[in-house]
Structure formats: structure tokens, C-alpha cells
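Worksheet for the structure shown next.
The values are calculated or read from the model by the stated rules, or taken from the named source; none is laboratory data. All values reported here derive from a predicted model rather than from experimental measurement. When we count neighbours, we look across all protein chains shown, and the Cβ atoms used for this are built from the backbone with ideal geometry, even at glycine. Each accessible area value is taken on the protein alone, full model and side chains, heavy atoms only, with ligands, DNA and RNA left out. Shrake-Rupley method; radii C 1.70, N 1.55, O 1.52, S 1.80 Å.
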Amino acid sequence: MPHRFAAKTGRAARPGRSTESGAVPPENTPSAVVVGGGISGLIAARDLARAGIRVTVLEATGSFGGCVGRHEVAGIRLDSGAESFATKSTAVPELISELGLSGAVVQPNPAGSWLQLAAADLPAGAQRMPASGILGIPADPRDPDIVRALGRVGAARAALDKVLPVGALQRRESVSLGEVVRSRMGEAVLRRLVTPVVGGVYSADPNVLDVDSVAPGLRAAIAKHGSLAAAVGAIRAAAPAGSAVAGLEGGMGRLAEALTADLEASGVLLLAGTRAEKLSRHNDGWQIRVADGDGDTRELSADAVVVATDGPAAVDLMSGALPELSAYKPSPGPGVALVTLVVDRPELDAMPRGTGVLVDREVEGVDAKALTHATAKWQWLADSTGPGTHVLRLSYGRALSPDDAASEPAHAERADEDLLRQAVADASALLQVSLSAEDVVGADVVRWVGALPSAAVGHSDRVAAVRAAVAEVSGLEAVGAWLAGTGLAAVTADTRTRTAALARALQQV
Ligand SMILES: Cc1cc2nc3c(=O)[nH]c(=O)nc-3n(C[C@H](O)[C@H](O)[C@H](O)COP(=O)(O)OP(=O)(O)OC[C@H]3O[C@@H](n4cnc5c(N)ncnc54)[C@H](O)[C@@H]3O)c2cc1C
């Protein structure tokens with residue numbers, strides 16, 4: 001394969017696209033505009049169209065799917081954002097089945113991932129990620145793998161969770177995940193187990209994350225079961241057996257593509273390169289000002305609007321009709337850079353670190369917070385690259401508390417060439433295989449800015465306030481990860497519930 005060291009920024013706009021194929025419902029049927037063509041907007045559009053409503057989807061960038069995106073590296077079509085879905089709920093499998101994709105569902109390699117700790121904490125540096133509970137919080141701090149990661153003192157402190165009274169934390173309105181873990185199980189669990197896992201999933205430090213947003217029901221379970229470990233054990237026991245995530249052969253991008261094709265076939269008008277700028281009430285319906293890529297604006301009207309953008313954009317749009325929402329505008333989520341390397345190194349066929357590595361912040365000389373060995377994780381991908389060629393994805397950047405932010409550089413903001421060099425060095429250190437630029441046959445940098453919603457302390461209260469305000473306005477709904485929680489499972493389930501209620505209301509008009 002040719003040597004390529006390209007870099008690009010994600011979400012690049014292609015020229016606008018509109019689709020008017022399929023059977024368009026008659027003029028007198030209710031109409032809806034969906035703002036945002038990410039997965040939540042596409043699902044909302046599908047369910048509204050199936051309820052007989054005329055739907056238009058507006059997407060600001062040149063392509064649909066949002067965080068479920070695609071890119072091509074060294075001639076291989078890869079996911080540029082989400083690459084799996086949680087199987088704890090049936091929401092995504094059901095949608096996949098409706099789209100005729102069930103046969104493409106695949107399980108990741110059960111080898112699992114590794115944990116890279118600072119040498120002072122774990123002399124060997126890396127160990128298999130202990131089979132823990134949720135978000136790295138152990139259900140059993142006496143498990144030998146957990147004791148190894150925590151050290152004897154850390155494990156003894158974690159065990160105190162069993163006897164500490166359940167009190168003050170439960171009464172607090174908003175509390176961070178970090179504070180819950182630290183107060184119940186101590187600093188070692190927080191830093192060595194929870195911080196690497198949470199950094200990989202939410203690109204944020206546990207100290208800034210609202211526990212009720214990222215682990216809904218955890219505080220109630222602590223109160224019920226008397227300790228954090230018991231709460232985690234109970235939540236795990238209630239989850240389906242087997243792998244916690246699954247993927248699609250060919251990549252999760254297929255989900256967005258199948259949804260888009262389905263919408264086209266249903267006569268939904270898909271307008272890419274079209275940004276909604278303003279929403280206003282108009283008679284009994286809505287007027288939406290839109291701008292195309294050239295900045296030309298025009299007005300659309302509809303009986304209903306579903307706002308399916310990121311949080312800050314949604315609040316800006318809805319504040320025209322609901323001025324009180326401005327007070328609940330979330331901050332944009334963390335900036336994240338994903339560096340994908342395609343490397344020709346047969347030693348990696350042995351999968352030295354399973355499906356990848358989660359990295360403790362204290363590890364010296366490594367700036368990545370996580371590495372996914374994609375060809376080890378997904379057999380379909382290994383089959384398509386063939387032996388000796390490997391896809392590695394390293395992620396950079398996370399939301400930190402103000403104190404930590406002052407001490408850690410913003411890695412996600414570094415120049416592409418700098419990140420590519422760092423990624424080669426980090427992959428060498430994490431995989432224990434010395435890689436050089438000559439081994440890299442293709443590379444890409446994709447930046448996701450504000451795409452992972454902020455779930456900062458107080459977020460769950462903000463979400464409740466936004467939902468209460470939106471519920472007061474007829475013909476308005478808001479969906480998406482900033483309200484439902486990060487991840488395809490949460491977004492799919494919530495979008496479908498809310499869209500069904502809107503469709504019923506529109507059918508009654
Ligand atoms: C790098 C990365 C990896 C991830 N990995 C996973 C994973 O493996 N598994 C998992 O379950 N989840 C994963 N997630 C999370 C998951 O992808 C998201 O929670 C989910 O896709 C969010 O969907 P959404 O529709 O709410 O938002 P988005 O995907 O952000 O879509 C919102 C859309 O609205 C558009 N928009 C914004 N403003 C306007 C406007 N004014 N007018 C018109 N359009 C507008 C945007 O361009 C965007 O396309 C990942 C996320 C990221 C960023």
C-alpha cells in the first residue's frame with residue numbers, strides 16, 4: 001500500500017443535497033421539520049414518516065449521520081466516530097432489525113482491553129482490564145485483578161465502601177461521579193480504574209461529570225443496596241449476559257446509511273448543507289429560517305419541529321420561542337481528536353494488548369487517553385485488511401476540572417502533523433512494538449468539537465428543566481445525546497419514545 005500521511009478535519013461540508021424520491025404524502029397531511037441529521041434526527045424523521053407525516057430533515061454539514069460518520073484511510077472504509085453500540089438495551093438491535101441489518105451484527109473479540117498504569121503504580125505497567133462493574137467501578141474490590149491494579153493499600157481502602165454509612169452523598173442535589181467514587185472507594189479506584197474508563201467513553205474527567213447523567217440510577221442503587229460495590233453488582237446483574245457492546249460488519253456507518261436510504265425511499269426531503277438559523281411560532285405552526293452553504297437564506301414552515309442538534313445549538317434555536325431556555329444552555333462538550341493509523345506490522349497479528357488500551361493520566365510520555373486496536377477488536381475488519389496490516393485508533397483530549405486543565409496541555413488542539421507523530425510514539429509505547437513513520441501506510445486525524453455533550457455537574461437538572469419547558473409548547477420536541485445521554489443506545493430509545501408522542505399529537509390535530 002502507498003505511504004500516505006494525510007490529515008483532515010471531520011465533518012467537512014460537501015455541497016448541499018436534496019432528495020425527493022419516493023412517495024411524498026399529500027399536501028394536507030401534517031408536516032414536520034427535523035433540525036439535525038445525526039442519528040437522533042434520522043430516527044425521528046423515520047418514525048414521523050412512518051406515522052404518515054411529511055418530513056424534511058435539515059443538516060448543516062454535507063453528510064448525514066453526525067457522530068456516526070465515515071472516513072477512508074489507506075483505501076479502507078472506517079468509522080470516524082461511533083464504532084459500536086451498547087447491548088444493555090434492545091433499542092439499537094430493534095432499529096437494526098427494522099432496517100434489515102440484523103444479519104450484520106457482530107460481537108467484538110472477547111479478548112477485551114488492557115489498562116496502562118504509571119510504572120510507579122503497576123511495575124509491569126499494563127494489565128488486562130479487570131472485569132469490573134460499570135465505568136471502571138469494581139463490583140468486588142477483593143477480586144485479584146482489581147487488587148493488582150489498586151495495590152494492597154488501595155484495595156483495602158476500596159473495601160471500606162462496604163461499611164461506610166450511606167448518607168451525605170445521597171442528600172446532595174448534584175454531585176460528580178469522581179466525588180461518589182472517591183468518598184466510597186478512595187482515590188486509587190478513582191484514578192487507576194474509573195478515570196481511564198470514563199476518559200475513553202466520555203472524554204471527560206470523572207470529577208467534572210454529573211453522576212446522575214452518566215450513571216443514572218447509581219445513587220438510588222447505593223441507597224438501596226448499602227454500598228457502591230453492591231449497587232454496581234446489582235446493576236451489572238440486571239444487564240443482559242454476554243458482550244456489553246456489539247457492532248456492524250462494515251462499520252456503524254452502515255446504520256446511518258441505511259436510515260438515510262430508508263428516508264429517501266419514504267419520500268422524506270433530506271437537505272444537507274442546510275443550517276437552521278431561527279425558529280419562530282407562526283400561526284399554529286412553525287417558521288424555520290435556513291441558510292445554505294453560500295449563506296443564502298429562506299423560510300420553511302411546518303406544523304411541528306424536532307430539534308435534534310447538539311445542546312448549545314438546540315438552546316440557541318429554541319430560545320426564540322422559549323426565551324427562558326437561555327439560562328440552561330450547556331457548555332459545548334470537550335474537543336476530541338481521533339488519530340487513525342493503518343500500519344503494516346505483522347507483530348501486531350498477535351494482538352499484544354487485546355482490543356486496545358485505556359491509559360491512566362499519570363503514564364509518562366503517552367498523551368493518548370485510549371487506543372483501540374480495531375483490527376483486533378473486529379474480525380470483519382481484520383479480514384478486509386488481511387494479515388500484517390492493522391488499524392489503530394488513538395484518542396486525544398478530555399474535559400478537565402479547572403485545576404487539572406491548567407496543568408495539562410489541550411492535546412486535541414495540537415496540529416495534525418504533531419498529533420500524527422505523537423500517535424506513532426504512543427502506539428509504540430502502548431503496544432510494545434516499536435513503530436516508525438515508515439510502517440504507516442495511511443493516517444487521518446478527525447476532530448470532533450463539541451460532539452460529545454457536556455454532562456457537567458448539574459446537567460441532569462438542566463435536562464429536566466429543558467424538557468419541562470419544551471413540553472409546554474405544542475408541536476416542539478427536542479432529542480439527541482445532550483438530553484438522552486451519550487451513546488447510540490440512549491439516543492435511540494429516547495428519540496423513539498419522544499417522537500412517538502409527537503406523532504400521536506400531530507395525528508390528532
Ligand atoms: C468520536 C466519537 C465516538 C463515539 N463512539 C461511540 C460508540 O462507539 N458507541 C456509542 O454508542 N456511541 C458513541 N459515540 C456517541 C454517539 O455517537 C452519539 O451519542 C450519537 O451519535 C449522537 O447523536 P445525535 O443525533 O444526538 O447528535 P450528532 O451526531 O451530534 O448529530 C447532530 C447533528 O446536528 C447537526 N446540526 C447542528 N446544528 C445544526 C443546525 N443549526 N442546523 C442543521 N443541522 C445542525 C450537526 O451537524 C449534526 O450532524 C461516539 C461519539 C463520538 C464523537
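Suppose the filter is more than 26 Å from the chain's Cα centre (by Cα), in contact (Cβ under 8 Å) with a residue 24 or more places away in the chain, more than 16 Å from Arg77 (Cβ to Cβ) and open to solvent by less than 20 Å² (accessible area, probe 1.4 Å); does Leu371 pass it?
When the stated conditions are applied, Leu371 does not pass them.
If I ask for residues that are within 15 Å of Val232 (Cα to Cα) and open to solvent by 30 Å² or more (accessible area, probe 1.4 Å), which ones from the stretch 184-209 would you list?
Selection gives nothing.
Got a number for residues in the stretch 419-439 being free of Cβ contacts under 8 Å to residues at least 24 places away in the same chain, in a loop (DSSP other than H, G, I, E, B) and open to solvent by less than 30 Å² (accessible area, probe 1.4 Å)?
Counting residues in the stretch 419-439 that are free of Cβ contacts under 8 Å to residues at least 24 places away in the same chain, in a loop (DSSP other than H, G, I, E, B) and open to solvent by less than 30 Å² (accessible area, probe 1.4 Å) gives 0.
Mind listing just one residue for me: the one in the stretch 382-403 that is in contact with a strand residue (DSSP E or B) (Cβ under 6 Å, 6 or more places away or on another chain) and among the hydrophobic types (A, V, I, L, M, F, W, C) and, of those, most open to solvent (accessible area, probe 1.4 Å)?
Looking at residues that are in contact with a strand residue (DSSP E or B) (Cβ under 6 Å, 6 or more places away or on another chain) and among the hydrophobic types (A, V, I, L, M, F, W, C), I get Ala399.
Kindly evaluate Ala158 against the criterion of being in contact with a strand residue (DSSP E or B) (Cβ under 8 Å, 6 or more places away or on another chain), part of a helix (DSSP H, G or I) and among the small types (Gly, Ala, Ser).
no
For the stretch 286-300, what are the residues that are surrounded by fewer than 18 Cβ atoms within 10 Å (Cβ to Cβ) and part of a strand (DSSP E or B)?
Across the stretch 286-300, the qualifying residues are Gln287, Arg289, Ala291, Asp292, Thr297, Arg298, Glu299.
Any residue in the stretch 31-53 that is open to solvent by 20 Å² or more (accessible area, probe 1.4 Å) and more than 9 Å from the ligand (Cβ to nearest atom) sitting within a Cβ distance under 7 Å of a residue that is outside any loop (DSSP other than H, G, I, E, B) and modelled with pLDDT under 95? List the pairs, counting only those 6 or more apart or interchain.
Note: pairs meeting the criteria are Ala51/Gln507.
Pairs under 8 Å by beta carbon, first residue farther than 22 Å from Gly333 by Cα and more than 7 Å from the ligand (Cβ to nearest atom) in the stretch 479-501, partner assigned to a helix (DSSP H, G or I) and open to solvent by less than 10 Å² (accessible area, probe 1.4 Å), six or more apart or different chains?
Arg496/Ile43; Arg496/Leu95; Arg498/Ala44; Thr499/Ile43; Thr499/Ala44; Thr499/Leu48
If Glu277 passes every condition in (1) part of a helix (DSSP H, G or I); (2) open to solvent by 10 Å² or more (accessible area, probe 1.4 Å); (3) at pLDDT 95 or above but one, which one does it miss?
(1)
Output the residues belonging to the stretch 59-77 that are within 12 Å of the ligand (Cβ to nearest atom), surrounded by fewer than 24 Cβ atoms within 10 Å (Cβ to Cβ) and outside any loop (DSSP other than H, G, I, E, B).
Of everything in the stretch 59-77, just one residue is within 12 Å of the ligand (Cβ to nearest atom), surrounded by fewer than 24 Cβ atoms within 10 Å (Cβ to Cβ) and outside any loop (DSSP other than H, G, I, E, B), namely His71.
How many of the residues in the stretch 141-183 are more than 27 Å from the chain's Cα centre (by Cα), buried (at least 16 other Cβ atoms within 10 Å of the Cβ) and more than 26 Å from Gln127 (Cα to Cα)?
2
Among the residues in the stretch 135-145, are any in the same structural domain as Val214 (by TED's automatic domain parsing) and in a helix (DSSP H, G or I)?
Yes - at least one qualifying residue is present in the stretch 135-145.
Please count how many residues of the stretch 312-363 are under 23 Å from Glu72 (Cβ atoms) and aromatic (Phe, Trp, Tyr).
Of the residues in the stretch 312-363, 0 are under 23 Å from Glu72 (Cβ atoms) and aromatic (Phe, Trp, Tyr).
Could you please find all residues in the stretch 451-478 being more than 16 Å from the ligand (Cβ to nearest atom), at pLDDT 90 or above and among the small types (Gly, Ala, Ser)?
Ala464, Ala465, Ala468, Ala469, Ala471, Ser474, Gly475
Conditions: (1) more than 19 Å from Ala246 (Cα to Cα); (2) at pLDDT 95 or above; (3) in contact with a Leu (Cβ under 6 Å, 6 or more places away or on another chain); (4) not hydroxyl-bearing (Ser, Thr, Tyr). Asp360 meets all but one. Number of the miss?
(2)
For the stretch 80-104, what are the residues that are near the ligand (Cβ under 8 Å from one of its atoms) and either acidic (Asp, Glu) or part of a loop (DSSP other than H, G, I, E, B) (or both)?
Scanning the stretch 80-104 gives Ser80, Gly81, Ala82, Glu83, Ser84.
Pick from the stretch 123-134 the residues that are in a loop (DSSP other than H, G, I, E, B) and at negative phi: which of them is modelled with the highest pLDDT?
Met129
Determine which single condition Gly335 fails, assuming it passes every other condition in (1) crowded, with 17+ Cβ neighbours inside 10 Å; (2) on the phi > 0 side of the Ramachandran plot.
Of everything listed in (1) crowded, with 17+ Cβ neighbours inside 10 Å; (2) on the phi > 0 side of the Ramachandran plot, Gly335 misses just condition (2).
Is it the case that Asp344 is within 13 Å of the ligand (Cβ to nearest atom) and open to solvent by 40 Å² or more (accessible area, probe 1.4 Å)?
no
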